[in-house]
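Visitor: Submitted below is the structure of interest, expressed as structure tokens.
The values are calculated or read from the model by the stated rules, or taken from the named source; none is laboratory data. From a predicted model like this one, the values you see are computed outputs, not experimental measurements. Cβ coordinates were reconstructed from backbone atoms using ideal geometry, including for glycine residues, and neighbour counts include every protein chain displayed. The area values use the complete protein model at the heavy-atom level, side chains included, leaving out ligands, DNA and RNA. Shrake-Rupley method; radii C 1.70, N 1.55, O 1.52, S 1.80 Å.
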Amino acid sequence: MCIYANHAGLNMLETTIDNLQWITTYSLLDGSNNVRLDVVLPIIMQQGYAILPPGYCLSLMNRRVSYEQAMVWVVQAPDGGSVHCLALAFINWSFI
């Protein structure tokens with residue numbers, strides 16, 4: 001579930017701040033032609049981050065969004081011992 005996105009992220013996902021809660025990590029990462037969530041998630045959890053190669057995901061309007069690179073990292077909870085969420089950054093994205 002997404003809880004925050006900047007203006008560029010909202011544009012890329014073709015959504016509003018109110019609809020972010022309906023977007024899952026699975027829908028962002030597993031739609032790519034070269035990234036499978038079941039493969040990359042253990043890497044993220046072990047290293048704390050992963051840098052993803054070029055790929056694509058789908059916006060909420062089911063439009064393909066390509067990106068040159070993406071980074072996913074763990075955001076820790078205030079207690080410091082548990083995972084609060086995953087953060088994502090997409091570099092040089094565009095609609096295809």
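Visitor: Which translational diffusion coefficient, to the nearest whole µm²/s, is obtained for the chain from the Stokes-Einstein equation, given a Kirkwood hydrodynamic radius over C-alpha pairs, 10 °C and 1.306 mPa s?
Guide: Details: Rh = 13.6 Å.
Reported coefficient: 116 µm²/s.
Visitor: Per residue of the stretch 6-16, in order, report the coupling 6.51 cos²θ - 1.76 cosθ + 1.60 (Karplus, θ = phi - 60°) as ³J(HN,Hα) in whole Hz, putting x for Gly and Pro.
Guide: 7, 4, 5, x, 5, 5, 4, 7, 6, 8, 10
Visitor: With the full set of protein chains in place, find how many percent of the accessible area of the chain is carbon and sulfur; take the probe as 1.4 Å.
Guide: 57
Visitor: Let me know the charge dipole size of the chain about its Cα centre in debye, to the nearest 20, where only the beta-carbon of Lys, Arg (+1) and Asp, Glu (-1) is charged.
Guide: Here the chain has a charge dipole of around 180 debye.
Visitor: Return one number: the angle in degrees, 0 to 90 and rounded to the nearest 10, between the long axis of the Cα atoms of helix 37-47 and the longest principal axis of the Cα atoms of the chain.
Guide: Helix 37-47 and the main axis of the chain meet at about 40 degrees.
Visitor: Express the accessible area of the chain per residue in Å², computed with a 1.4 Å probe while the remaining protein chains stay in the model.
Guide: For the chain, the per-residue accessible area is 63 Å².
Visitor: Further question on the same structure: May I ask you to evaluate 6.51 cos²θ - 1.76 cosθ + 1.60, the Karplus curve with θ = phi - 60°, for each residue of the stretch 58-67 and list the ³J(HN,Hα) values in order in whole Hz, giving x for glycine and proline?
Guide: 10, 6, 5, 8, 6, 8, 6, 10, 8, 9
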